[in-house]
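The values are calculated or read from the model by the stated rules, or taken from the named source; none is laboratory data. Model, not experiment: these values are computed from the prediction. No Cβ is skipped: glycine too gets one built from the backbone with ideal geometry, and neighbour counts run over all protein chains shown.
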Ligand SMILES: [Zn+2]
Ligand SMILES: [Zn+2]
Ligand SMILES: [Zn+2]
């Protein structure tokens, strides 16, 4: 994604386009796999000498809350982050081995809404779904 579209996206989410946020988006965008905060930090340290890991965490979480970055919850219990260009509501199939992230169009939201409404009389505000597995490449090796 182009730098200018990050600026617009940040603006539309009422987040200031700070150099750090833009740099984090740039690092994530250049990666084809999900990255851990530590890896992102390593790459940013070249440009931001005094940058601490907690600041990277905080900025990542702000970008997640704004819906610009996806949080990946790995079965190894570590947190990773991924920048998906697909801005439509969707879910991810992640490879636990190589870090590849693929979009899944399946979503059972309609059935979930119905079940929660009919059985529990409740209302769904949001839901998360992440499918963990091995990608085609990793399966072959
Ligand atoms: Zn894989
Ligand atoms: Zn996606
Ligand atoms: Zn869904």
Checklist entry - Residue check: is residue 16 farther than 27 Å from residue 138 by Cα, part of a loop (DSSP other than H, G, I, E, B) and either within 16 Å of ligand 2 (Cβ to nearest atom) or modelled with pLDDT under 95 (or both)? => result yes
Checklist entry - For residue 122, are the conditions met, namely being in contact (Cβ under 8 Å) with a residue 24 or more places away in the chain and either touching a strand residue (DSSP E or B) at 6+ places or on another chain (Cβ under 7 Å) or not in a strand (DSSP E or B) (or both)? => result no
Checklist entry - Taking the stretch 52-73, which residues are within 16 Å of ligand 2 (Cβ to nearest atom), surrounded by fewer than 19 Cβ atoms within 10 Å (Cβ to Cβ) and on the phi < 0 side of the Ramachandran plot? => result 64, 66, 71, 73
Checklist entry - Taking the stretch 84-107 as the search range and keeping residues that are touching a helix residue (DSSP H, G or I) at 6+ places or on another chain (Cβ under 9 Å), touching a residue at least 12 places away in the same chain (Cβ under 8 Å) and in a loop (DSSP other than H, G, I, E, B), which one is nearest to ligand 3 (Cβ to nearest atom)? => result 89
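For (1) more than 21 Å from residue 13 (Cβ to Cβ); (2) assigned by TED's automatic domain parsing to the domain that holds residue 21; (3) at pLDDT 95 or above, each residue gets a yes or a no:
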residue	(1), (2), (3)
32	yes, yes, no
42	yes, yes, yes
49	yes, yes, no
57	no, yes, yes
61	no, yes, yes
72	no, yes, yes
82	no, yes, yes
98	yes, no, yes
Next on the checklist: Residue under question is residue 106, and the condition is that it be farther than 26 Å from residue 8 by Cβ and surrounded by 14 or more Cβ atoms within 10 Å (Cβ to Cβ); does it hold?
Outcome noted: no
